[in-house]
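Heads up, the thing below is written out as structure tokens.
The values are calculated or read from the model by the stated rules, or taken from the named source; none is laboratory data. Only a predicted model underlies this, so the values are computations on that prediction, with no experimental measurement involved. Counting neighbours? That spans all protein chains shown, and the Cβs are built from the backbone with ideal geometry, glycine included. Remember, those area values only see protein heavy atoms, side chains included, never the ligands or the DNA or RNA. Shrake-Rupley method; radii C 1.70, N 1.55, O 1.52, S 1.80 Å.
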Amino acid sequence: MKVQFIDFQGQYQTVKVKVNRRLQKVFERGDFILGKDEKDFEAEFSRYCKARYGVGVNSGTDALYLALGALDVGPGDEVILPTFTFIATALCVSYTGAKPVFVDIEEETYNLETKAVEAAITPRTKVILPVHIYGQPANMQDILSLAKTHGLKVVEDAAQAHGATYQGKKIGSLADAACFSFYPTKSLGAFGDGGMIVTNDSKIYAKALMLRDYGRVGRYEHKIKGHNSRLDTVQAVVLSEKLKHLDRWNKMRQGVAEQYRRQLRKVDGVIPPPVKNDRTHVYQTYAVRVANRDAVMAGMKKKNIDVLIHYPIPLHLQKAYEELGYQKGDFPVAEKVADEILSLPMFPHLTRSQVKYVCDSIKVLVNGKV
Ligand SMILES: *Cc1c(COP(=O)(O)O)cnc(C)c1O
């Protein structure tokens, strides 16, 4: 049996007819940049997140970069973020000229450790940037109360958490701004790149609108030095049709996760992802910890099962950030998790027999404790 890491076909077949019909209209109208469907999708997605405003941009990375820009983050400022994330979370900070300050994660959920955040706050700290890693929200209550105490802003990296909830509230409405990616492999994925900033703050909204469109206030009138970073109308059409199915697809992911959990929880040497009971996990990534990870990975590949590592090298040990002077051993939890974590195939239409084949294979390949 072959098990792909992600198979887009199930989702594509669901939206194909409607997407084709709407794309045809875009091609005939020719409103490719900031067209009607793009504006409509901003309203649809921000409403989905229970937030007031949405600003469509050309990637999740730019959503983060422009959200920080809208908060006037720049040289001399510090932004606190977890070391265990995709590098884009840190790059967006570097683009602004501010300094990324890495902190360790909790062993339980792989999200930002609140005590570590508190210890990293300095007079230069401007923003806390939690990542809802794999689709499970970070400890937002603690983070928001720390931010309030110290007068900081909070921007959520929600690139993996479309539709997840925290204490009954949708991700996207909790902090100053939340940033989403619509990269094809995300839970809500375009047919190319895309992203969105979602916010309840009219000032952030107004500045983000300018930043994504050359700092424009009129056609040839520019108030600030903005960028060219807009969500294409074509991608907005795809996303708008897919959004109608997102909750159902997230439920299907949760169903797949439950099958994995049942078959793996008693296997010695495998730790399925724990979920805290005041939040929902939407499993953009299904990552387990395994004892002899590299051997398991090689064995899975031989059995035609695609697996990946998210992420093998924490950011503080990346060459790109060597100037910050971090050392191996600085963030022991993140380093340990990076050595043990393994992402299994995950997409809404994964079948029962595929899940069973993956679990049976792990059982044979794994040995010993984590
Ligand atoms: C995917 C991702 C990003 C970047 O999004 P792009 O659309 O690829 O630019 C940022 N942060 C996290 C946690 C991601 O998973």
**Complete:** Counting all Cα-Cα pairs in region 131-235, those more than 16 Å apart amount in percent to 63 percent
**Message:** Please list, in order along region 29-37, the HN-Hα scalar couplings obtained from phi with the Karplus expression 6.51 cos²θ - 1.76 cosθ + 1.60 (θ = phi - 60°), rounded to whole Hz, x for Gly and Pro.
**Reply:** 6, x, 8, 6, 10, 6, x, 4, 5
**Prompt:** Dipole magnitude of the chain about its Cα centre, charges +1 at Lys/Arg Cβ and -1 at Asp/Glu Cβ only, in debye to the nearest 20?
**Reply:** 1300 debye
**Asked** Give me the Kirkwood hydrodynamic radius of region 246-365 in Å, from all C-alpha pairs, to one decimal place?
**Response** 15.6 Å
**Message:** Rounded to whole Å, give me the distance from the Cα center of region 292-353 to that of region 10-26.
**Reply:** 35 Å
**Prompt:** Taking region 269-370, how many lysine pairs are there with alpha carbons less than 24 Å apart, if each pair must be eight or more places apart or span two chains?
**Reply:** 19
**Request:** Working with all protein chains in place, sort M1, M252, M346, M210 by solvent-accessible area computed with a 1.4 Å probe, largest first.
**Result:** M1, M252, M210, M346
**Request:** State, as an integer percentage, the relative contact order of the chain based on alpha-carbon contacts under 8 Å between residues 6 or more apart.
**Result:** 22 percent
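Figure the gain on full extension for E28 and E221 (residue separation times 0.36 nm, minus the Cα-Cα span) and round it to one decimal in nm.
Values: separation 193, 0.36 × 193 = 69.48 nm, distance 2.93 nm.
Stretched fully, the E28-E221 segment lengthens by 66.5 nm.
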**Asked** Using only helices, what value at 222 nm comes out for the chain when you add -39,500 (n - 2.57) per DSSP H run of length 4 or more and divide by the total residues, to the nearest 500 deg cm²/dmol?
**Response** -12000 deg cm²/dmol
**Cα centroid separation - region 102-162 against region 190-246, whole Å** = 25 Å
**Asked** Can you list the residues, at least 5 places off or on another chain, whose amide H is less than 5 Å from the amide H of G163, using H built in the peptide plane?
**Response** I171
**Asked** Which residues' amide hydrogens lie under 5 Å from the amide hydrogen of I313, considering only partners 5 or more residues apart or on another chain, with H built in the peptide plane?
**Response** none
**Prompt:** Could you state the principal axis extents of the C-alpha atoms in the chain, from the largest down, to the nearest angstrom?
**Reply:** 65, 54, 37
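So for K302, K186, K39, what's the accessible-area order with a 1.4 Å probe, most first? Show your work: numbers first, answer last.
Values: K302 175, K186 35, K39 110 Å².
Ranking K302, K186, K39 by accessible area, largest first, yields K302, K39, K186.
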**Asked** Once the whole set of protein chains is in place, how much accessible area is left on S353, using a 1.4 Å probe, in Å² to the nearest 10?
**Response** 70 Å²
**Request:** Take the Cβ-Cβ distance between I309 and L91 as r, set R0 to 22 Å, and report the resulting FRET efficiency rounded to the nearest 0.05.
**Result:** 0.65
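Sorting H349, H281 by accessible area (1.4 Å probe), largest first, what list results?
Ranked list, largest accessible area first: H349, H281.
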**Request:** Mind ranking 262-268, 132-138, 55-61, 333-339 by how tightly packed they are, going by the mean number of other C-beta atoms within 10 angstrom, highest first?
**Result:** 132-138, 55-61, 333-339, 262-268
**Request:** Quick one: which residues, 5 or more positions from V101 or on another chain, have an amide H under 5 Å from its amide H? H modelled 1.01 Å from N in the peptide plane, none for Pro or chain starts.
**Result:** V79, I80, L81
**Prompt:** How far apart, in nm, are two points set 7 Å out from the Cα along the Cα-to-Cβ line at K18 and at K266?
**Reply:** 4.2 nm
